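Asker: The structure that follows is given in the form of structure tokens.
Just so it is clear, none of the values below were taken in a lab; they were calculated from the coordinates. Being a predicted model, the structure only gives us computed values, none of them experimental. FYI the Cβ positions are ideal-geometry reconstructions off the backbone, even for glycines, and counts take in every protein chain you see.
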Amino acid sequence: MSNSPDTTTYLRDLARLRRVRDRIDREYAQPLDVEALAQGVSMSAGHLSRQFRAAYGESPYSYLMTRRIERAMALLRRGDLSVTEVCFEVGCSSLGTFSTRFAELVGVPPSVYRREAAQASDGLPPCVEKQVTRPVRQRETPEAGSA
């Protein structure tokens, strides 16, 4: 592999995208927006969004919300926090947006998930529970009839 300017730029951008993804994974509960994420890696917000989507298949905001919903699912399964408390705990500032996004990713509203999930995952080892309860976007689900 040659170190052409295009290759060097691509590898540098890829490293910056990994730093952004790692920051989202670490700081999902903090107020994060694309501008702040882009500034942290010396990219424009537009360039970051395009490159992130090309590398990971979704926008930085979508990735952030998925991390927040994954964490919310774990907190709701635990059962000791209300839906509102979970919403704010994972970094969402709007209960309506949180509930809408949760229902889009998980298929049921957070209140229903909280009620049903505790019973569904009883007895599963944590490593298995994490895998089977991970949110799956509608575009990731297998199409009906395809095998």
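Asker: Rounded, prolate or oblate: which one fits the range 1-50, using the alpha carbon gyration tensor with axes a ≥ b ≥ c (rounded when a/c is under 1.5, else prolate when a/b beats b/c, else oblate)?
Answerer: On the way: a/c = 3.78, a/b = 2.06, b/c = 1.83.
Prolate.
Asker: Next question, about the same structure. Give a quick list of chymotrypsin sites (Phe, Trp or Tyr not before Pro) in the range 80-115 that DSSP marks as loop, anything other than H, G, I, E or B, with at most 14 other Cβ atoms within 10 Å. Mind showing how you got there, number by number?
Answerer: On the way: sites: Phe88, Phe98, Phe102, Tyr113; in loops: none.
Passing sites in the range 80-115 do not exist.
Asker: With only alpha-carbon pairs counted, each pair once and no self-pairs, how large is the Kirkwood hydrodynamic radius of the range 53-107 in angstroms? Each step should come with its number before you reach the end.
Answerer: Details: mean 1/r = 0.0868 Å⁻¹.
Across the range 53-107, the inverse of the average 1/r is 11.5 Å.
Asker: Roughly how far apart, in whole Å, are the Cα centres of the range 56-71 and the range 1-34?
Answerer: About 15 Å separates the Cα centre of the range 56-71 from the one of the range 1-34.
Asker: Length gain on complete extension for the stretch Ser42 to Leu95, per 0.36 nm per residue less the alpha carbon to alpha carbon distance? Write out the running numbers ahead of the final one.
Answerer: Details: separation 53, 0.36 × 53 = 19.08 nm, distance 3.20 nm.
Result for the pair: 15.9 nm of gain on full extension.
Asker: Which semi-axis lengths, in whole Å and largest first, follow from the square roots of five times the eigenvalues of the Cα gyration tensor of the range 1-106? Before the final figure, lay out each step's value.
Answerer: Details: eigenvalues 202, 30, 25 Å².
The equivalent ellipsoid of the range 1-106 has semi-axes of 32, 12, 11 Å.
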